Amino acid sequence: MSSATKVLCVDDNREMASSVGLLLEKAGCEVRICHDGPAALVAAKEFEPDVCVIDLMMPGMDGTELASRLREQGGERPPRCIALTGLWDINAQHSTHNVGFEEHLVKPVEPARLVEVVLGLRPATA
């Protein structure tokens with residue numbers, strides 16, 4: 001069993017998702033990438049991520065709905081969620097806080113800051 005932090009990256013912008021995934025892999029995380037909410041829900045059942053990095057503005061199912069559904073689906077050990085979005089206003093920040101995101105990061109985020117936040121949310125090892 002790997003001790004690497006398992007991260008699910010969800011962004012409809014394929015280049016952004018790939019960049020974030022590559023950054024987190026280089027930081028030692030095990031990463032899965034999805035480009036929409038329904039695919040992320042399916043992947044999360046199999047992958048059981050520790051942390052989800054989620055874009056808020058996606059077609060169909062937005063990031064706040066996805067985070068809520070991931071938490072419900074996660075049972076006793078739901079993933080920790082980080083919003084990675086272009087939305088910087090106070091209403092967006094309140095919205096993410098209200099649905100249980102641990103962090104609200106605004107694009108473009110400093111790569112070191114994203115890694116710091118993701119690794120800071122990893123579960124404690126036994």
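Of note:
- Every pair of residues 6+ apart whose Cβ atoms lie under 6 Å, when the first sits in segment 1-19 and is closer than 21 Å to Ala112 by Cβ while the second is at pLDDT below 95: Thr5/Arg122
- Single unsatisfied condition, Glu102 versus (1) touching a strand residue (DSSP E or B) at 6+ places or on another chain (Cβ under 6 Å); (2) free of Cβ contacts under 8 Å to residues at least 12 places away in the same chain: (2)
- Pro49 being at pLDDT 95 or above and open to solvent by less than 10 Å² (accessible area, probe 1.4 Å): yes
- Matching entry among Leu70, Leu66 (being more than 17 Å from Arg122 (Cα to Cα) and under 14 Å from the mean Cα position of the chain (by Cα)): Leu66
- Ala27 more than 19 Å from Val115 (Cβ to Cβ) and open to solvent by less than 60 Å² (accessible area, probe 1.4 Å): no
- Filter result for Leu114 (within 14 Å of the chain's Cα centre (by Cα), crowded, with 17+ Cβ neighbours inside 10 Å and without any contact (Cβ under 8 Å) to a residue 60 or more places away in the chain): no
- Residue count for segment 69-92 satisfying the condition of being in contact with a strand residue (DSSP E or B) (Cβ under 9 Å, 6 or more places away or on another chain) and either surrounded by fewer than 16 Cβ atoms within 10 Å (Cβ to Cβ) or within 21 Å of Asn13 (Cα to Cα) (or both): 10.
The values are calculated or read from the model by the stated rules, or taken from the named source; none is laboratory data. Quantities reported herein were computed from a predicted structural model and do not represent experimental measurements. As a convention, Cβ positions derive from the backbone with ideal geometry for all residues, glycine included, and neighbour counts pool all protein chains shown. Keep in mind that these areas ignore ligands, DNA and RNA; they rest on the heavy atoms of the full protein, side chains included. Shrake-Rupley method; radii C 1.70, N 1.55, O 1.52, S 1.80 Å.
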